[in-house]
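The values are calculated or read from the model by the stated rules, or taken from the named source; none is laboratory data. None of the values given here were measured: they were computed from a predicted structure. Note: ideal-geometry Cβ built from the backbone for every residue, glycine included; neighbour counts use all protein chains shown.
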Amino acid sequence: MDRQDDSAGGAHNRTQVERKGDHELVVTRMFNAPPATVYRAWSEAELFRRWWMPQSVTGVALVACAMDVRTGGTYRLEFGTDGGDTMAFHGKYLDVVPNARIVWTNDEDEAGAITTVTFEDRDGMTLLRFHELYPSREALEEALQGSAAGLPEQLDQLDAMLPDIGT
C-alpha cells in the first residue's frame, strides 16, 4: 500500500502511508509545530485522548487512557461502544527520548507490532515518522485494513489541535 492523503492544510501537511516489505508500515507527516509540542500530544494522556480516536468512527469512544510515557512505563487504552462493550490495547514503552522518540509494544495479542514514533525538527516544524514492525505479513495486512486506515484522519485531528497546545 503506497498512499498519500492530502489534508486541507496544504502540501506541508501531507500524510504519507507506505507499506515497506511484508512486515513494515511507515507513516510520515509534517506538522507546523515544534517537536516539543507534537511530543506532548503523544505523551500526555489528556492531550492524546483528544485526537487519537478517528471522529468518523461512530459509536466507539476512547473511554480510558492511562499512559506512563517513560522507558519501562506502560500504557492502556480502552475503547467502548454505545452498548458498553470495551476493548483494551496495552503495552510497554521500550525507549523514550523526550521530544525525539517513543517506542512501544502492542501486547494485546501475538500479532502486535512494535511501534516507533520519531519527532524531527525541521526549522521549527516537526517531521513525524510513525513506524510499525509486525511479526507477520498477515498481521500487517490486518492492520492495513483496520487501525492503520484511520491514521491519516487521526493525524489531521492532531494537526487541528496543535495550535491550542503550548510547549
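Do we find that G80 is over 20 Å from L128 (Cα atoms), surrounded by 15 or more Cβ atoms within 10 Å (Cβ to Cβ), small (G, A, S) and at pLDDT below 95 in this structure? Break it down into steps so the answer makes sense when it comes.
Working: over 20 Å from L128 (Cα atoms): yes; surrounded by 15 or more Cβ atoms within 10 Å (Cβ to Cβ): yes; small (G, A, S): yes; at pLDDT below 95: yes.
Here the answer is yes, as G80 does meet what is asked.
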task: Name every residue in the stretch 64-77 that is surrounded by 16 or more Cβ atoms within 10 Å (Cβ to Cβ), hydrophobic (A, V, I, L, M, F, W, C) and assigned to a strand (DSSP E or B), in order of residue number.
output: C65, M67, L77
Odd one out for D121 among (1) of a type outside the set (F, W, Y); (2) free of Cβ contacts under 8 Å to residues at least 40 places away in the same chain; (3) farther than 20 Å from W51 by Cβ: (2)
message: I want to confirm something. Restricting to the stretch 103-132 and keeping residues that are charged (D, E, K, R) and touching an Asp or Glu at 6+ places or on another chain (Cβ under 9 Å), which single residue is farthest from A143 (Cα to Cα)?
response: R129
task: Of the conditions (1) at pLDDT 85 or above; (2) more than 16 Å from the chain's Cα centre (by Cα); (3) small (G, A, S); (4) within 16 Å of Q154 (Cα to Cα), A45 clears all except one; give me its number.
output: (2)
- line: Scanning the stretch 1-35 residue by residue, those at pLDDT below 90 and closer than 19 Å to P163 by Cα turn out to be S7, A8, G9, G10, A11, H12, N13, R14, T15
- prompt: Can you name the number of the only condition in (1) touching a Ser or Thr at 6+ places or on another chain (Cβ under 8 Å); (2) part of a strand (DSSP E or B) that D121 fails?
  reply: (1)
query: Do we have any residue at all in the stretch 123-143 that's small (G, A, S), under 16 Å from the mean Cα position of the chain (by Cα), surrounded by 19 or more Cβ atoms within 10 Å (Cβ to Cβ) and within 19 Å of Q16 (Cα to Cα)?
result: yes
message: If I filter the stretch 100-114 for residues that are under 12 Å from the mean Cα position of the chain (by Cα), closer than 20 Å to L62 by Cα and in a strand (DSSP E or B), do I get at least one hit?
response: yes
